[in-house]
1. Hey, what angle do you get for helix 260-273 against the long axis of the chain, alpha-carbon based, 0 to 90 degrees rounded to 10?
2. Counting other Cβ atoms within 10 Å, keep those with at most 14, restrict to DSSP loop, and tell me which trypsin sites (Lys or Arg not before Pro) in the range 95-171 are left.
3. When the helix-only estimate is applied to the chain (DSSP H runs of n ≥ 4, each -39,500 (n - 2.57), divided by the residue count), what is the mean residue ellipticity at 222 nm, nearest 500 deg cm²/dmol?
4. Starting with the highest mean, order 63-72, 269-278, 180-189 by the number of other Cβ atoms within 10 Å, averaged over the residues of each peptide.
5. Go ahead and set up a Gaussian network model of the chain, Cα springs under 10 Å, then flag whichever of SER113, SER123, SER243 fluctuates most.
6. With unit charges on the beta carbons (Lys and Arg positive, Asp and Glu negative) and the dipole taken about the Cα centre of the chain, which residue among LEU119, LEU39, LEU55 sits farthest to the positive side?
7. Quick check for me: using +1 on Lys/Arg Cβ and -1 on Asp/Glu Cβ, what's the dipole size of the chain about its Cα centre, in debye to the nearest 20?
8. Can you give the % of DSSP beta bridges in the chain that are antiparallel, to the nearest 5?
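No value in this document is a laboratory result; all are computed from the given coordinates. No experiment lies behind these values; they were computed from the predicted model shown. Heads up, the Cβs are rebuilt from the backbone with ideal geometry, glycines too, and the neighbour counts pull from every protein chain shown.
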Amino acid sequence: MSRLLSLLCLCLCFGTAAPAQTVYETEPDVTADMVRTRLQARAAFLYDATTGQALYERNIDEPLPPASTTKLITAILVMERRGLTGSLTVDPEDTWVEPSHVPLVPGETVRVSELMHSLLIASDNDSALALARYTAGSVPAFVDLMNQRAVELGCLHTHFVNPNGLPARGLETTARDLLKIFQKALTFPVLEQIMQTKTYWLTTAHGTQLLKNHNKLLGKYPGMGPAKTGWTVASRHTYAAASTRDGHRLELIILNSPDKWKDATLLFNYGFSHLPPLPAPPVLKPATPATMAPAQASIR
């Protein structure tokens, strides 16, 4: 119901005519000069995971607010410490959050797997609080785990203060650090699958509702895969995403952008226009008498 009311408010404010659907198409031969003049993000990092080569960097070590891409490390810790099996009972303090929320109802029992879909598809902030408390016993204890895990992942300029990424003093990361966190999240196949799920029916005490993935490039940009979006007034648009084409998996981080969709399309197009050669397959040498295993003696 809360999502329906929000949509109604938007229609009243901006009119009811449906906007034309945006198609994010490929653009061949995007040059570095085109990226330099068109890219609006304060920080960006484009990485070819197939070859291990950085394809584009801008201010990748500048600390900036991550917004809801924070939920990536929240998901990592839930997977590492509790997994997706089991259920939790919602506490009242889990529900004291806005604006994006299920909303959860105090006292209800919800499956952890349901909350993980809510966390990564709809970016619900109450689900993040509930999962944090379930995993570590309290939100402050979970935040301590977040910062400890970030250090273990090699994140040198990252500090978390909550599990959902809502604006708070001291909350910051860098494009380089966020890429490490995103890459760790992608090591869990179930998280990768959830992050590229277009829609999901979530059932809680509030009712059954259709969650729609916030990633506008999903299903529209060729090769688009798992991603986590974020936005607040302070952070502006943030984004962690992967796209695969021509045997290459490109991973992208965007921080502080006025329009992550345009920036992401530009950078992915640039990356796919300048793919480094794939590693050559290993050459198999023919077996020689010296390398062949000795024949087993006959048993008489």
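1. Between the helix axis and the principal axis of the chain, the angle is about 10 degrees.
2. Passing sites in the range 95-171 are ARG169.
3. Counting only the DSSP helices, I get -10000 deg cm²/dmol.
4. Going by the mean number of other Cβ atoms within 10 Å, highest first, we get 63-72, 180-189, 269-278.
5. SER113
6. Among LEU119, LEU39, LEU55, the one farthest towards the positive end of the dipole of the chain is LEU55.
7. So the magnitude is around 560 debye.
8. Details: 37 of 37 bridges.
Of the beta bridges lying entirely in the chain, close to 100 percent run antiparallel.
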